[in-house]
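Trainee: The structure under discussion is supplied below as structure tokens; questions concerning it will follow.
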Amino acid sequence: MKKRTSGFTLIELVIAMAVVAIGLAITIPTMRDFTNTNHQAEQINKLTRDFAFAKSEAVARGEPVIVARTGTTAGDWFDGWDIQVVSDGTVLRTTPSLTIPALTLLETSGANSVTFNASGSTSSAITIQLCDPNTDIDNIDKEITVTVTGRIALDPRIDCTP
């Protein structure tokens with residue numbers, strides 16, 4: 001009497017590996033897009049949060065607080081920004097550069113900073129767009145606007161494509 005061993009045959013193993021490979025081929029690009037979308041939302045939320053923080057600090061301190069980009073290219077906020085008190089230069093918060101190289105974070109008029117006065121207003125309006133030229137996903141591009149009254153608005157429905 002011959003004893004039969006249990007296990008998988010080579011054909012069953014190859015079929016199982018093919019099913020796993022097909023599943024990975026479908027999910028990996030979707031997960032990459034999902035991760036990029038979350039990173040982009042994180043970056044735009046950081047900038048929005050920092051504008052709100054600077055405004056609240058200006059009102060609380062009763063003196064101007066500036067949010068200034070740290071990069072060298074005009075209007076490009078990609079390299080990060082600092083929040084500091086204008087009168088003594090105290091840095092309240094520093095936000096490092098963006099972590100996704102494909103993104104652009106540009107101020108449309110090339111402004112280097114926005115200053116919140118003690119009343120929470122600003123001396124000039126600023127609009128910054130977060131764009132990803134390398135994606136086909138709809139509703140990825142976003143825009144932050146800070147008005148002269150100090151209102152901070154996020155518009156998630158812009159399209160940066162030329």
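Read-outs throughout are calculated quantities, based only on the coordinates presented, and are distinct from any laboratory measurement. Keep in mind the model is a prediction, meaning the values are calculated, not measured.
Trainee: Karplus couplings for the stretch 11-18 from phi (6.51 cos²θ - 1.76 cosθ + 1.60, θ = phi - 60°), rounded to Hz, Gly and Pro as x?
Mentor: Values per residue, Gly and Pro as x: 5, 5, 5, 5, 5, 4, 5, 5 Hz.
Trainee: Right, something else. For a quick check: with amide H placed at 1.01 Å from N, whose amide H comes under 5 Å from PHE78's, ignoring anything fewer than 5 positions away on the same chain?
Mentor: Answer set, sorted by chain and number: LEU105.
Trainee: Still on this model: Can you give the convex hull volume per residue for the Cα atoms of the stretch 10-155, as a whole number of Å³?
Mentor: On the way: hull volume 18.2 nm³, N = 146.
Spelled out: Cα convex hull of the stretch 10-155, divided by residues, is 125 Å³.
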